[in-house]
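The values are calculated or read from the model by the stated rules, or taken from the named source; none is laboratory data. Note that this is a predicted model, so its numbers are computed, not measured. All Cβ positions, glycine included, derive from the backbone under ideal geometry; neighbour counts span all protein chains shown. Ligands, DNA and RNA are excluded from the accessible area calculation, which covers all protein heavy atoms including side chains. Shrake-Rupley method; radii C 1.70, N 1.55, O 1.52, S 1.80 Å.
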Amino acid sequence: MTDIIIPVVIALIVGSGLSWILIKTAMKYRAQNIIKEAEIEADIIKKDKILQAKEKFLQIKTEHEKHAAIRNNKLIVAENKLKQLETDFSRKQEDIARKQEEVQRKTKEIQSQQGSIDVQKDLLEKKNIEVDKLKKQHIEQLETISGMSGEQAKADLINSLKEEAETEAISYINEIMEEARMTANTEAKKVVIKTIQRVATETAGENAVSIFHIDSDEIKGRIIGREGRNIRALEAATGVEIVVDDTPEAIVLSGFDPVRREIARLSLHQLVTDGRIHPARIEEVVNKVKKQIEEEIIETGKRTTIDLGIHGLHPELIRLVGKMKYRSSYGQNLLQHSRETANLCAIMAAELGLNVKKAKRAGLLHDIGKVPDDEPELPHAILGMQLAERYKEKPDICNAIGAHHEEVEMTTLIAPIVQACDAISGARPGARREVVESYIKRLKNMEDLALSYNGVVKTYAIQAGRELRVVVGSEKITDAEAEKISFDIAKRIQDEMTYPGQVKVTVIRETRSINYAK
C-alpha cells in the first residue's frame, strides 16, 4: 500500500510543479503581450496628439496671419490718412504764408495812408480853431444886437421848439391811430393769406364705394357661394353692399361708412388669398379684421402726432385722432382737415408771436368731438372740450376746442386762431360738399332709428339708402314679431324722414344650431 501511495504523491508533486511552471510561463508571456499592446497604443496616442498639436499650431498660425494682415491693412490706411493730413497741413501752411504776406502788404499801405490822414487831421484842427473863433465873434455880435445873452436866447428857443414839437407829436399820433384803424383789417387779411399760401393739401372728398380687384372672374363665383350664401353672410357681417357684376376682375364695395368698407375690403382680400370661403370662415375673418382696423387706427393716431411734433397726448386722444381717418365732415376727410388746421394754426401763431406748439395741438384736437365711441346729443365743440378736459389737456387748449364755433366764450388768444384756421380749411371752394354730408347723416339716422327697437342686433343701410337691412336676435324675436318690426320701421321712416324714391326694409332672423364632435 505504501509502495503505491509514494509514487502517487511524487507524481502529484511533479505534476503540481510542472503546472506551476507552465502557468508562470503563460502569465509571463501574457504580460509581455499586454506590455507590447500598451506600447503600440501609446505610440498611436502619441502620434494623434502630435497631429492634433500640429493642426492647432497651423490654425493659430493662420489666425495670427489673418489678424496680422488686418492690422497691416489698418496701418496702411492710417498711414495714407496721415500722408493726406500732412499734405493738407502743408497746403494750409502755404495758404497762411500767402495770407500773411498779403496782410503785411496791406498793413504797409494802411500805414502810408495813415501818414497822409494825420497831415489832413492837423489841417482840419487848425481850421476848426479858426471856425470857433469866428463863431464866438458872431455870437457876441448877435447878443449886442438883440440885447439878450446866449443862454436866454437858447432857453426861449427850446421852449418854442418844445411847444411846436408837442403839437406836431399829437397830430402825428392821431394820424398813426387813424391809419392803424384803416389798415388793421388789411394787415389781418395779409396774415391770413400768407398762412393759406404756405399750406397746400388735397381737398377731394372720399367716395362711397371701393373697388376690390381680383385675379380672375372665376373667384366671383366662389365669393357668391351656393345660392348666394357667402355674399349674404359677408354683407351681414360687414354691413356693406357687395356688387358683383360684369365688370372684369373687379368687385364693387358700396357703403357710406369708410370703416365698414375697409373691413369688407381686407376681409375679402384674406378670404380670396386663403381660398376657404364659407359663412363660418367669413365671420371669423371679419372679426379678426375688425381688431386689425382698431390697431391701425391707433397706429394712425401715433403717426399723425409724430408727424406734427405733438407730444404727451393721452392714449385715448391718440385713438380718437386715428379714427378721424375714417370720418368725413361735409365730404372733407376729418383727419386731413384737422392736420391742415393744425399746420395753419402753427403758421398763424408764428406770424403773431404766440405759442406755436399750443396752437398746433389745439388745431389738431378741435374736431375731436366728431369721433367719440358714443355720440350724445351735444355740439361737437362742447363734446370735444369735455373729452380734452377728461384727458387732462390744459385749460387754454380746452377753451380753444370748445370756442371754435362760439358755443363758449373765448378766453385765450389761441381760440380765435383755431376758429379762423378751421374756417380757412373748410371754406375754400371744393373742400367740402354739403350734399354728401347730409346724405351720410340721413343714412346714419336711418340705422339709428332701426337700432332703437328691442331685439335688433345690427342695422345696415345699403344701396345708397334704398334698402335697410335689420338683423334681429332669434332668441328674442319671433317670426311674427320680425314682420311687425319691419312694418313699424318702414312706417316710421315714411313719417319721420325725408328721402328720394322708396326704402326697402328687410328684417333678417336667423337660427343656428352648432355642435362640436370631440
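Observations on the model:
- By accessible area with a 1.4 Å probe, ligands and nucleic acids excluded, highest first: order of 410, 348: 410, 348
- Spin-label model, residue 449 to residue 151: label points 7 Å out along the Cα-to-beta-carbon direction sit 9.9 nm apart.
- Given a 1.4 Å probe and the protein chains as shown, residue 106 ends up with an accessible area of around 100 Å².
- Euclidean distance of C-alpha centroids, the range 381-426 and the range 12-66, integer Å: 98
- Area of residue 311 that stays accessible when all protein chains are in place (1.4 Å probe, Å², to 10): 140
- Each other residue within a Cβ distance under 12 Å of residue 274 adds +1 if Lys or Arg and -1 if Asp or Glu, for a net charge of +3.
- In order along the range 262-275, the phi-based Karplus estimate (6.51 cos²θ - 1.76 cosθ + 1.60, θ = phi - 60°) of 3J(HN,Hα) comes to 5, 4, 5, 5, 5, 5, 4, 4, 5, 5, 5, 5, 6, x Hz; Gly and Pro are listed as x.
- Rounded to the nearest 20 debye, dipole of the range 13-58 from Cβ charges on Lys, Arg, Asp, Glu: 80
- Close amide H pairs (under 5 Å, H built 1.01 Å from N) link residue 504 with 467, 468, residues at least 5 positions away or on another chain.
- Distance between the 7 Å Cα→Cβ label points at residue 407 and residue 284: 4.5 nm.
- Across the range 314-322, rounded Karplus estimates of 3J(HN,Hα) from the backbone phi angles (6.51 cos²θ - 1.76 cosθ + 1.60, θ = phi - 60°) give 5, x, 5, 5, 4, 5, 5, 5, x Hz, Gly and Pro being marked x.
- Residue-count net charge about residue 509 - beta-carbon cut-off 13 Å; Lys, Arg +1, Asp, Glu -1: 0
- Solvent-accessible surface (1.4 angstrom probe) belonging to residue 352, in square angstrom, nearest 10: 100
- Whether the range 1-73 is rounded, prolate or oblate, judged on the alpha carbon gyration tensor where a/c under 1.5 counts as rounded: prolate
- As an equivalent ellipsoid, the range 211-296 spans semi-axes of 19, 14, 12 angstrom, where each value is the square root of five times an eigenvalue of the C-alpha gyration tensor, largest first.
- Global geometry of the range 343-384, whether rounded, prolate or oblate, following the gyration tensor of its Cα atoms and the 1.5 cut on a/c: prolate
- Integer Hz, Karplus 6.51/-1.76/1.60 couplings in order for the range 381-393, x for Gly and Pro: 5, 5, 5, x, 5, 5, 5, 4, 5, 5, 9, 6, 6
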